[in-house]
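Down below is the structure, laid out as structure tokens.
The values are calculated or read from the model by the stated rules, or taken from the named source; none is laboratory data. Just so we're clear, the structure is a prediction, and the values are computed from it rather than from any experiment. All Cβ positions, even for glycine, are placed from backbone atoms using ideal geometry, and neighbour counts span all protein chains on display.
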Amino acid sequence: MRKLLSVGLILALLLAVLPSLHAASAQPKRGGTITMAISKELALMNPLVNTSSTEARIRELMFEPLLARDLKGAIQPRLAESWEVSKDGKLYTFKLRKGVKFHSGKEMTADDLKYAIDYTLNPKNGAYGYEDLNAVDRAEATDKYTLRIHMKRHNPLFLTLLTDIRAFSAIPKESLPEGLRKPTTFPAGTGPFRFVEWQPGQRIVFDRFDEYWGQKAYVDRVIMKEIGDATVRFTALQAGDVDLIERTPYEWVQQIVEGKIKGIGFAKAAQAGARNLEFNVTDPPFDNKKMRQAIAHALDRKEIMQAAYFGLADTADQRFPVGHFWYFADVPMLQFDPNKAKALLKEAGYKGETLELMGNRGEVAEIEGATIQAQLKRVGVKVELKIFERASALELRRAGKFMFKLAGGSDYPDPLPAYVEYVCEPDPRKRRLNETGYCDKEYDALIKKAEGEVDPAKRKAIFKQVVAKLMDDSPIVSIGFTPRFFTFRDHVKGFTTNASGDFQPWGAGLNHAWVDK
Amino acid sequence: MFVRYLIQRIWQLIPVLILVSVAVFLIVRVIPGDPVLVMLGIDPEERSRISEEQYQALQQQLGFDRPIYVQYVHWVSKIVQGDLGLSLRSRRPVFEIIFERYPATIYLALTALLVGIAIAIPTGVIAATRQNTGADYAAMGFALWGIAMPNFWLALMLIVLFSLKLGWLPSIGYASPLENPLRFLQHACLPAIVMGTDLAAPLTRYIRAEMLEQLKQDYVRTAWAKGLPSRMVIIKHALKNSLIAAVTVVGLQTARLLGGSTIVETVFSWPGVGRLLIEGIYSRDYPIVQGAVLLIAVTYVFINLCVDVVYKWLDPRIKLE
């Protein structure tokens, strides 16, 4: 009996200890290296000049913007601890975080940030943020930790723009050469990783910055290797040559989801892009609103996204996803309803003409287009697919020579840049983004009102009207969001990304990842 | 006389090089894309990001506001001084970028050349000496397969087999043979097999045909009649004479290898000139494309010259005029 008791006791002890042992292995560990395969090589070592979206994602390891945007899209303090905006929106005062160190060991002060802003505003430097900061008159360091930005005019997006390193990032004063000459090494940043070396075509190496003011990275080192081809990238991951890859082809992700590929996990960026159907509203047949609404009602978004993205993508009916701060659940969508579509086609006087649907070659437009073609056939609409090379398609779109087209979209931090696209511009050559030719005075007035509004509640009310108006007029129909996938070997833990697929978003990314080997 | 021939040949190269430079310069300008936007990293579809003021300032700085012939003359006068311009994206000298990448391409080309010759010579000889037997059919089957097979497919199949299934060799990466010869061999093995096969396939057929031709010659019959051992007849007599003709094929293939294989370098993430060219094309980095294509063209022309010279050296009967 005593023996039995002691065995029981040991068993009970073991059972009590085992889960805690398991939990211990789930605790982040320091050390190790993550080798990551990226789709595009770095081009230059100037953090204020952009060359590709991948380039900005790489730089986010080393450089930081003034403010942060968290995973829900809210603006948070970062290098600036707090800020005040004057009533007329023309003066921003930022109180900077004290004790923030550059990788060089020097403390960051307001003078450094003023330098970065001045550098960006000089048109000769070709800085990417030049346009983002076009409302800025001048920057001023009133003391070591206070930065004032004087504006030429109010810009409701200004704080949002400052959450992105592409507007500007903190670098030490006088650390960049003037003009188009580019530095031969990166200036020091303030981010969680510091630059070690870059061997073009081979590898870029970063080490953890131990004096980082925020969440310090767990891994000692991150090595990035460029593998341009997506299939090769995934093969290298499977072969164990890299630990983490970006932009994994959907067919492989599907196999991971279905359990056919073992030992590999994934992180999803759900809204890395958007897919829309856009109508040329200046010419027949889509100058008729009912015709556009009919097509919208004939679309089965789920089927389109399933066919083109292996069921990994979400459908959309507005520019922002369901549940987002800027999604309006009370604005009714034009739902999939073939009967309504048929009725609207009749009302619009559609006589069976062939409609031409345009798309870009090489994207998923072929599959999406074929699915839409089949869906429209069910309601009696004949569609011919016109797939062009990107440059030719761009040319046709610029000339306004298309009936309707499949188009991509990016993710927006704020509704204003997303909806300002549809403001009237009658001359197709001058159109920046509104290729549909949509021109509505009421819509333009709403956007104008939104541009001048600072109050968040009032802004929300205005944008609800904007969305409702756009939904009713339907120059554009949202179909879905395109995801992007990071995949990694099982020993990489804690890696997550944001909706747009950044390597180092605020509150996630590589400085939260650790290696369990 | 030999020197005169050489000078004459080099003199003939000048119009070729001028034509190549004009073609490269014009082709790059016909491709859609705006160098100013490339430099800023702005997609043509988001042209609205850049103000007219900034655009003008940059265009002037880059010299793209001048007439095209002025740009060409400026470009050529710089090339003559060994300056290929600055990359639009990285703003580093193109010359420096290309020669940073060139060694990797050369090392791979030489390895592939060795692999190719090591496959082609024995296969060609066996096929010729055992004409119309199983060995001959197998060798010709290999040659046909090698020519027909797309490089990228063979590359992916080798990666699947040797990296993924067996785990013997790395799928991507590079190490310099001067720093770490063993790691270089590990990394170069698969790409060299792919490029070597590509070279070996036509070469095998060429050697076989040439060997068959030689084996029918009187001097070979005499060698057999003298009672020379067959190894001697085949290798010392027939093969040696067959190789003269093979020099042309090997020479042209070497020029191709030295231009860097865009596909193989991309699949294996090999940091060579071929991949640089592809990256340049994708990102519309004109100076890089111009520089890389010019380098490849010059390599071709130069190797052609070398082939002619070697030819003369191998077969003194060849007339120089």
message: Suppose the filter is aliphatic (A, V, I, L, M), within 14 Å of another protein chain (Cβ to nearest Cβ) and in contact (Cβ under 8 Å) with a residue 12 or more places away in the chain; does A:ILE58 pass it?
response: yes
- request: Name every residue in the range A:181-197 that is surrounded by fewer than 18 Cβ atoms within 10 Å (Cβ to Cβ) and at pLDDT below 95, in order of residue number.
  value: A:ARG181, A:PRO183, A:THR184, A:THR185, A:GLU197
query: Restricted to the range A:476-494, and to residues that are part of a loop (DSSP other than H, G, I, E, B) and out of contact with any helix residue (DSSP H, G or I) (no Cβ under 6 Å at 6 or more places or on another chain), which residue is surrounded by the most Cβ atoms within 10 Å (Cβ to Cβ)?
result: A:HIS491
Tally of residues being under 23 Å from B:PRO150 (Cα atoms) and either of a type in the set (A, V, I, L, M, F, W, C) or free of Cβ contacts under 8 Å to residues at least 60 places away in the same chain (or both) across the range B:169-185: 3
- line: A careful count of residues in the range B:240-282 that are away from every other protein chain (no Cβ under 14 Å), closer than 21 Å to B:MET149 by Cβ and assigned to a helix (DSSP H, G or I) gives 7
message: So for the range B:63-85 (the condition being within 14 Å of another protein chain (Cβ to nearest Cβ) and free of Cβ contacts under 8 Å to residues at least 40 places away in the same chain), does at least one residue qualify?
response: yes
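Conditions (1) at negative phi; (2) touching an Asp or Glu at 6+ places or on another chain (Cβ under 9 Å); (3) surrounded by fewer than 14 Cβ atoms within 10 Å (Cβ to Cβ); (4) not aliphatic (A, V, I, L, M), marked per residue:
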position	(1), (2), (3), (4)
B:GLY134	yes, no, yes, yes
B:MET140	yes, no, no, no
B:ALA148	yes, no, yes, no
B:ASN151	yes, yes, no, yes
B:LEU178	yes, no, yes, no
B:LEU182	yes, no, yes, no
- request: Check off (1) closer than 18 Å to A:ARG489 by Cα; (2) away from chain B (no Cβ under 14 Å); (3) modelled with pLDDT under 95; (4) not in a loop (DSSP other than H, G, I, E, B) for A:GLY259 and give me the number that stays unchecked.
  value: (4)
message: I need the helices (runs of 4 or more DSSP H) fully contained in the range B:42-131, keeping only those with at least 1 residues that are within 28 Å of the chain's Cα centre (by Cα), in the same structural domain as B:ILE234 (by TED's automatic domain parsing) and aliphatic (A, V, I, L, M).
response: B:94-129
query: Would you call B:ILE296 without any contact (Cβ under 8 Å) to a residue 24 or more places away in the chain, of a type outside the set (Asp, Glu), assigned by TED's automatic domain parsing to the domain that holds B:LEU108 and surrounded by fewer than 24 Cβ atoms within 10 Å (Cβ to Cβ)?
result: no
Residues satisfying the stated conditions in the range A:304-323, i.e. under 21 Å from A:PHE463 (Cα atoms), charged (D, E, K, R) and within 16 Å of the chain's Cα centre (by Cα): A:ARG319
field: strands (runs of 3 or more DSSP E) enclosed by the range A:56-100 - at least 1 residues per element that are surrounded by fewer than 16 Cβ atoms within 10 Å (Cβ to Cβ)
entry: A:75-77, A:80-85, A:91-96
- prompt: Which fully enclosed strands (runs of 3 or more DSSP E) of the range A:345-429 have 2 or more residues being touching a strand residue (DSSP E or B) at 6+ places or on another chain (Cβ under 6 Å) and more than 28 Å from A:LEU446 (Cα to Cα)?
  reply: A:354-360, A:382-388
task: Name the one entry in B:TYR282, B:TYR311 that is surrounded by fewer than 19 Cβ atoms within 10 Å (Cβ to Cβ) and closer than 30 Å to B:PRO170 by Cβ.
output: B:TYR282
query: So which of B:LEU144, B:LEU166, B:LEU156, B:LEU161 is touching a residue at least 40 places away in the same chain (Cβ under 8 Å), out of contact with any Cys (no Cβ under 7 Å at 6 or more places or on another chain) and within 13 Å of chain A (Cβ to nearest Cβ)?
result: B:LEU156
message: Any residue that is more than 14 Å from chain B (Cβ to nearest Cβ) and acidic (Asp, Glu) - is there at least one of those in the range A:395-410?
response: no
field: Condition met for A:TYR443 (farther than 27 Å from A:ALA74 by Cβ, part of a helix (DSSP H, G or I) and touching a Phe, Trp or Tyr at 6+ places or on another chain (Cβ under 9 Å))
entry: yes
task: From B:ILE235, B:ILE288, grab the single residue that is part of a helix (DSSP H, G or I) and buried (at least 18 other Cβ atoms within 10 Å of the Cβ).
output: B:ILE288
- prompt: Of all residues in the range A:242-261, how many are within 16 Å of B:VAL160 (Cα to Cα) and surrounded by fewer than 21 Cβ atoms within 10 Å (Cβ to Cβ)?
  reply: 1
- request: Evaluate the following for B:GLY33: is it part of a loop (DSSP other than H, G, I, E, B) and either over 30 Å from A:VAL420 (Cα atoms) or among the aliphatic types (A, V, I, L, M) (or both)?
  value: no
- prompt: Using beta carbons and a limit of 6 Å, which pairs, at least six apart or on different chains, have the first residue in the range A:175-191 and under 18 Å from B:SER87 (Cα atoms) and more than 10 Å from chain B (Cβ to nearest Cβ) and the second one assigned to a loop (DSSP other than H, G, I, E, B) and among the hydroxyl-bearing types (Ser, Thr, Tyr)?
  reply: none
message: Let me spell it out: the conditions are (1) within 14 Å of chain B (Cβ to nearest Cβ); (2) buried (at least 23 other Cβ atoms within 10 Å of the Cβ); (3) among the hydrophobic types (A, V, I, L, M, F, W, C), and A:ALA230 meets all of them except one. Which number is the exception?
response: (2)
- request: Those residues that are in a loop (DSSP other than H, G, I, E, B) and within 18 Å of A:ALA188 (Cβ to Cβ), I need them from the range A:207-249; list them, please.
  value: A:PHE209, A:ASP210, A:GLU211, A:TYR212, A:TRP213, A:GLY214, A:LYS216, A:ALA217
query: Taking the stated definitions as given, is B:ARG4 assigned to a helix (DSSP H, G or I), away from chain A (no Cβ under 11 Å) and over 23 Å from B:LEU295 (Cα atoms)?
result: yes
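The rows are residues; the columns are (1) free of Cβ contacts under 8 Å to residues at least 40 places away in the same chain; (2) under 22 Å from the mean Cα position of the chain (by Cα).
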{"residue": "A:GLU384", "(1), (2)": "yes, no"}
{"residue": "A:ALA393", "(1), (2)": "yes, no"}
{"residue": "A:SER410", "(1), (2)": "no, yes"}
{"residue": "A:VAL420", "(1), (2)": "yes, yes"}
{"residue": "A:ASP444", "(1), (2)": "yes, no"}
{"residue": "A:VAL454", "(1), (2)": "no, no"}
